[in-house]
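J.: Quick one: the structure is below, questions incoming.
The values are calculated or read from the model by the stated rules, or taken from the named source; none is laboratory data. Fair warning: this is a prediction, and the values are worked out from it, not measured in the lab. Cβ coordinates were reconstructed from backbone atoms using ideal geometry, including for glycine residues, and neighbour counts include every protein chain displayed. These area figures cover heavy atoms from the full protein model, side chains too; ligands, DNA and RNA do not enter into them. Shrake-Rupley method; radii C 1.70, N 1.55, O 1.52, S 1.80 Å.
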Amino acid sequence: FYGNTAVLAKAYTYILTMGSDGLQRASELAVLNANYLKEKLKGRYYLPYDQVCKHEFVFSAEKMKEEHGVTATDVAKGLLEFGIHAPTIYFPLIVHESMMIEPTETESKESLDNFIEVMNQIADLAEKDPDKLHAMPLSTPIRRVDQVQAAKNPVLRWQP
């Protein structure tokens with residue numbers, strides 16, 4: 001009924017630890033990081049809403065899908081291959097083939113630049129070798145899951 005109280009305790013501790021100035025600085029950095037990524041990548045990825053963002057923005061892989069057969073899932077799996085956590089990719093009623101990019105305030109410029117470089121490599125793969133992108137990830141312990149089979153026969157508990 002009240003949710004997970006540990007989450008509330010962590011949030012409250014974070015607020016107390018950061019203080020007013022720290023929270024403001026963290027917010028400023030989150031906004032700066034998101035706008036930096038958006039501006040650096042909007043030439044390679046379709047940006048359906050080109051405006052100043054707060055802490056996140058949404059690209060669409062819809063044009064990639066039409067031109068090269070590459071979906072948002074393919075981009076997300078490509079990111080996993082490069083060791084980067086995949087973005088949220090499911091808002092089909094708002095933006096088709098969406099990728100919600102949300103860098104945190106703790107990301108360094110080096111990690112943001114690495115993300116930009118990897119996203120550009122993925123865009124290059126989409127244009128030149130989409131089949132390679134369809135096969136990714138290749139180096140993770142679990143490769144692509146059959147999404148249709150997973151939806152039809154979900155495993156909802158651990159099985160030894």
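J.: Shape verdict for segment 63-130, please, from the Cα gyration tensor: rounded (a/c under 1.5), prolate (a/b greater than b/c) or oblate. The partial results should precede the final answer.
T.: Details: a/c = 2.33, a/b = 1.29, b/c = 1.80.
The shape class here is oblate.
J.: Per the 1.4 Å probe, what fraction of the accessible area of the chain, in percent, lies on carbon and sulfur atoms?
T.: The C+S portion of the solvent-accessible surface of the chain is 57 percent.
J.: Using alpha carbon centroids, what distance separates segment 89-113 and segment 143-158, in Å?
T.: 25
J.: Compare PHE82, PHE91, PHE115 in a GNM of the chain, Cα atoms joined below 10 Å, and give the one with the largest fluctuation.
T.: PHE91
J.: I need the calculated FRET efficiency for the pair ALA6 and TYR36, taking r as the beta carbon distance and R₀ as 45 Å, to the nearest 0.05.
T.: 0.85
J.: Oh, and also: So what is the relative contact order for the chain, in percent, with contacts set as C-alpha pairs under 8 Å and at least six apart?
T.: Reported relative contact order: 23 percent.
J.: Taking θ as phi - 60°, what are the ³J(HN,Hα) couplings along segment 129-138 by the Karplus curve (6.51, -1.76, 1.60), each to the nearest whole Hz, with x for Gly and Pro?
T.: So the Karplus estimates, Gly and Pro as x, are 8, x, 5, 5, 5, 5, 7, 6, x, 9 Hz.
J.: Suppose all protein chains stay in the model; what accessible area per residue would a 1.4 Å probe give for the chain, in Å²?
T.: Solvent-accessible surface per residue comes out at 68 Å².
J.: Something else about it: Quick one: how many Å² of LYS109 are accessible to a 1.4 Å probe, rounded to 10?
T.: Accessible area, nearest 10 Å²: 110 Å².
J.: Right, something else. Could you derive backbone 3J(HN,Hα) for segment 145-160 from the dihedral phi with the Karplus parameters 6.51, -1.76 and 1.60 (θ = phi - 60°), listing whole Hz in sequence and x where the residue is Gly or Pro?
T.: So the J values, rounded to whole Hz, are 8, 6, 5, 5, 5, 5, 6, 6, 10, x, 9, 9, 8, 5, 10, x.
J.: Still on this structure, please answer the following. Applying 1/(1 + (r/R0)^6) with R0 = 30 Å to the Cβ-Cβ distance of LEU93 and ALA150, what FRET efficiency is obtained, to the nearest 0.05?
T.: In this case the efficiency is close to 0.85.
J.: Would you be so kind as to identify all helices of the chain, as entire DSSP H runs, whose Cα atoms reach 20 Å or more along the helix's own axis and whose mean Kyte-Doolittle hydropathy is at least 0.0?
T.: 5-41
J.: Let me ask you something else. For GLN51 and LYS128, calculate 0.36 nm times their separation in residues minus their Cα-Cα distance, and state this gained length in nm to one decimal. Mind dumping the intermediate values first?
T.: Values: separation 77, 0.36 × 77 = 27.72 nm, distance 2.99 nm.
24.7 nm is the gain from fully extending GLN51 to LYS128.
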